[in-house]
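Presented below is the structure to which this report refers.
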């Protein structure tokens, strides 16, 4: 009886030890360059380039959730010449931004605007063909609880649209 218990304990120990081992790794499969699988994958935008930002955008924002708005942006050699944004978020309020309320505080690699009488910061950067306008600590620029729902505005240089 004691020998049978000892066998079960040894067997249990071996099974537990086996469960802790790392499974064999199979080598990753590689697809040759130019195959359909490789060409259909969307590329990542890559790092933010360290060069003066140049962008001119005037676009409207409309999405499936009913969010609407507009963006006017003109930056030449990392100097902001024009900036205005309005975003209407249904059932939550509206956020409004105008260059007259901000001063430019940074140029490279991200353009930064700081509110002259407040804490709001607007950052603008490019990655590939996309220019992103992001908002931080801008609750006072919005009515209701709209700031909690405010996402960055992304301008696509290829077709001039904003989302």
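Where residues in the stretch 71-84 are farther than 12 Å from residue 53 by Cα and touching a residue at least 24 places away in the same chain (Cβ under 8 Å), which of them is nearest to the chain's Cα centre (by Cα)?
Restricting to residues being farther than 12 Å from residue 53 by Cα and touching a residue at least 24 places away in the same chain (Cβ under 8 Å), the top hit is 71.
When you look at residue 99, is it surrounded by fewer than 20 Cβ atoms within 10 Å (Cβ to Cβ) and free of Cβ contacts under 8 Å to residues at least 24 places away in the same chain, yes or no?
Values: surrounded by fewer than 20 Cβ atoms within 10 Å (Cβ to Cβ): yes; free of Cβ contacts under 8 Å to residues at least 24 places away in the same chain: yes.
Yes, satisfied.
When you scan the stretch 129-149, how many residues do you find that are over 13 Å from the mean Cα position of the chain (by Cα) and more than 14 Å from residue 57 (Cβ to Cβ)? Talk me through it step by step, then tell me what you get.
Narrowing the stretch 129-149 to residues over 13 Å from the mean Cα position of the chain (by Cα): 129, 136-149.
Checking the rest, the ones that are also more than 14 Å from residue 57 (Cβ to Cβ) come to 136-149.
Of the residues in the stretch 129-149, 14 are over 13 Å from the mean Cα position of the chain (by Cα) and more than 14 Å from residue 57 (Cβ to Cβ).
A short reminder: the numbers here are calculations on the coordinates, not readings from a lab. It should be emphasised that the depicted structure is a prediction, and the values quoted were computed from it without experimental measurement. Because the Cβ atoms are built from the backbone with ideal geometry, glycine has one as well, and the counts that use them run over all protein chains shown.
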